[in-house]
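Peer 1: Submitted below is the structure of interest, expressed as structure tokens.
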């Protein structure tokens, strides 16, 4: 599991990221991210819907795998970043770990250097 300082507490933080955050997506996973005070630690949540798998065992396996990868590459995440990973497919539970790691690292690189075709609003 991820450390207490890197978890969301209460509904307010998640709600703010869903409302004002931006999204980066891969075929199986997306990450919704927002930036807050850079003096605070990054926070991570993983959302796996019951539509992905009816089995709680599989959903928790997916969640644990993603948390483990984020813990490994956590030094690359900028302080003050809020990340919400949303899983779309049950295949995340069974794909090889290097492939899942590359997908998550790719998403984190998109978060670090957002390049979208839309101009930023002031």
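Rule-based calculations on the coordinates, nothing more; no lab input. None of these values were measured; they are calculated from a predicted model. Cβ sites come from the backbone with ideal geometry, for glycine too, and all protein chains shown count toward neighbours.
Peer 1: Quick one: how many residues across the range 77-98 are part of a helix (DSSP H, G or I) and surrounded by 12 or more Cβ atoms within 10 Å (Cβ to Cβ)?
Peer 2: So in the range 77-98, the residues part of a helix (DSSP H, G or I) come out as 90-93, 97-98.
Among the residues that remain, those that are also surrounded by 12 or more Cβ atoms within 10 Å (Cβ to Cβ) are: 90-93.
Count: 4.
Peer 1: Another one. Out of 38, 30, I need the residue that is outside any loop (DSSP other than H, G, I, E, B) and surrounded by fewer than 19 Cβ atoms within 10 Å (Cβ to Cβ). Which one? Break it down stepwise before answering.
Peer 2: Values: 38 fails: outside any loop (DSSP other than H, G, I, E, B).
Of 38, 30, the one residue that is outside any loop (DSSP other than H, G, I, E, B) and surrounded by fewer than 19 Cβ atoms within 10 Å (Cβ to Cβ) is 30.
Peer 1: Quick one: how many residues across the range 42-62 are surrounded by fewer than 16 Cβ atoms within 10 Å (Cβ to Cβ), within 16 Å of the chain's Cα centre (by Cα) and assigned to a loop (DSSP other than H, G, I, E, B)?
Peer 2: 1
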